[in-house]
Structure formats: structure tokens, C-alpha cells
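Undergrad: The structure is given below, and queries will be raised subsequently.
The values are calculated or read from the model by the stated rules, or taken from the named source; none is laboratory data. Since we're looking at a predicted model, the values are computed, not measured. So basically every Cβ, Gly included, is an ideal-geometry build from the backbone, and we count neighbours across all protein chains shown. Ligands, DNA and RNA are excluded from the accessible area calculation, which covers all protein heavy atoms including side chains. Shrake-Rupley method; radii C 1.70, N 1.55, O 1.52, S 1.80 Å.
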Amino acid sequence: MPVIALVGNKGGAGKTTLSINLAAGLAKQTSVVVVDADPQGSAIQWNVFTGTNMSMPVLKASDESGELGNQLAKLSQEYDYVVVDCPPSVHASQTTRVLEICDLALIPVQPSPVDLWATVHTEKAVQHARQSNEGLRALLVINQLEPRTTLSRLVRDALSEIGLPVANTALRRRAIFRNSALEGKNVFEMGRRGLQAAGEIDELIHEVIKI
Ligand SMILES: Nc1ncnc2c1ncn2[C@@H]1O[C@H](COP(=O)(O)OP(=O)(O)OP(=O)(O)O)[C@@H](O)[C@H]1O
Ligand SMILES: [Mg+2]
């Protein structure tokens, strides 16, 4: 079933954080697998860190980008959702391959000029992928929002210059997103401390993935 990719051309935007937490949110209701297509292996690391059993498996992507397509096609038969964490470059062979196959590309963007500039390249990569993957949906997701800062206030306007829609749901900068990773957990496993972050993830799922 649907393949959802977390992509972008900027390191540290939140691709891995969203991959793990979106998958964990989906896993409450349905079957999900995470595929780590980033050679940095952060999502794999997150899962093995404490040896906890996350609510979904996290698999390493095939090294061969040609094989990656087969791997994702097979997993999409076995699971209701496949969430793919991509490397921080839209020029990486893994990202190119995943964009050719996925149903939905989610692009986390921080409210900073450098992140906004990087998004221009991501938009070009999405448009290019649409030549062969016509149905590809793509959405920008504002991450690490700090409502009181000027940049955060301006980010939505600035993103309207990019030819991709922006999700209404934004994720705030919250320490729990970092602290949960420190413990090898997702925000749903953090009890009361994780409630607000988990609520944002659920809202994003409801808005853009709609199950
Ligand atoms: N909403 C948030 N609030 C607070 N911290 C966050 C939030 N989102 C991500 N982070 C933190 O920001 C850092 C970068 O996030 P993450 O590793 O998910 O980005 P990435 O896009 O996967 O990076 P890379 O491009 O290196 O793979 C991490 O320390 C993560 O815990
Ligand atoms: Mg990452």
C-alpha cells in the first residue's frame, strides 16, 4: 500500500524524526514498516539503540538503488504503509529512486533561510520525478516551529513561493522529540511528557495521510 518518503536537500531538517514518529503513529492503527534509505543509518540506529521493540520494524534499504524499487514494492504488498527515510540530498541515488516510486513525499522544513533555499532543489527533484511518477503527491511540513520568532511567523509566506503545498499542521520545536530519540523511543512511548508532540504527529497523519 502507500509508500511515504521523508525527503529533502538539507541535513537536520527532521526526516528521521518524522519517519520514526509518523510510522509509530500509524502503527497504532495499522501495519507499518520503516525503510532506512540513508547510508548514515540513523533510523536503524534509533531502533537498535536500546534494543527496545518499537511498534514497527525498521529495515535497511537495499544498497543497490535498482534493488530498492523491488524491496519497496515487496514491502508495500506486506504492510499497509511503508515509510522511507531518505538521505539529506535529493541528488543521492536513493532519493531519486524513492521519488520515482513513492506515493507521497513529505519534506520537513525548518523556519530558517538556509532550509528554505534548500527546498527549491527538492521541489525541482519532485517535479522531475513526476515525469515518470505522475501521481506523486508532495507536501512541505514545517518542523521545529517556534511560534514567537519572526522567522517562524514568516515561514509560511516564504514557502508559498515554492511550488508545493504546505501542510496546515506544523511541528513545534519540542525537547521531547530529541529526548525520546536519546532513549531510542518515539514520542508515543514517552507518557505524559510526549502528549503534545504525539498530538502533533497524530494531527499530521490525520491531515496528510488520512486513515
Ligand atoms: N520538532 C522538533 N523539535 C525538537 N527537535 C527536533 C525536532 N525535529 C527534529 N529535531 C532534532 O533535530 C535533529 C535533526 O533531526 P533529524 O535527525 O530527524 O533530521 P534529518 O533530516 O533526518 O537529518 P539528516 O539529514 O542528517 O538525516 C535531531 O537531533 C532531532 O532530535
Ligand atoms: Mg536523517
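Undergrad: Out of the residues in region 187-202 that are touching a Gly at 6+ places or on another chain (Cβ under 8 Å) and not β-branched (Val, Ile, Thr), which is least open to solvent (accessible area, probe 1.4 Å)?
TA: Ala198
Undergrad: Could you check Trp117 against (1) without any contact (Cβ under 8 Å) to a residue 60 or more places away in the chain; (2) within 16 Å of ligand 2 (Cβ to nearest atom); (3) of a type in the set (Phe, Trp, Tyr) and say which number it fails?
TA: It fails just one condition, (2).
Undergrad: Any idea which residue in region 157-176 is nearest to ligand 1 (Cβ to nearest atom), counting only those that are among the small types (Gly, Ala, Ser) and in a loop (DSSP other than H, G, I, E, B)?
TA: Looking at residues that are among the small types (Gly, Ala, Ser) and in a loop (DSSP other than H, G, I, E, B), I get Ala170.
Undergrad: Still on this model: Pairs, please: C-beta under 7 Å, at least 6 apart or cross-chain, first residue under 15 Å from Leu204 (Cα atoms) and of a type in the set (Gly, Ala, Ser) and in region 158-181, second open to solvent by less than 40 Å² (accessible area, probe 1.4 Å) and within 16 Å of ligand 2 (Cβ to nearest atom)?
TA: Short answer, once both residue conditions are applied: Ala167/Val141.
Undergrad: While we're here: Just checking: which of the helices (runs of 4 or more DSSP H) contained wholly in region 1-119 hold 1 or more residues that are surrounded by fewer than 22 Cβ atoms within 10 Å (Cβ to Cβ)?
TA: 42-49, 65-78, 93-101
Undergrad: Shifting gears a bit: Return a yes/no flag: does region 63-72 have any residue that is away from ligand 2 (no atom under 14 Å from the Cβ) and either in contact with a Gly (Cβ under 8 Å, 6 or more places away or on another chain) or on the phi > 0 side of the Ramachandran plot (or both).
TA: Looking through region 63-72, none of the residues is away from ligand 2 (no atom under 14 Å from the Cβ) and either in contact with a Gly (Cβ under 8 Å, 6 or more places away or on another chain) or on the phi > 0 side of the Ramachandran plot (or both).
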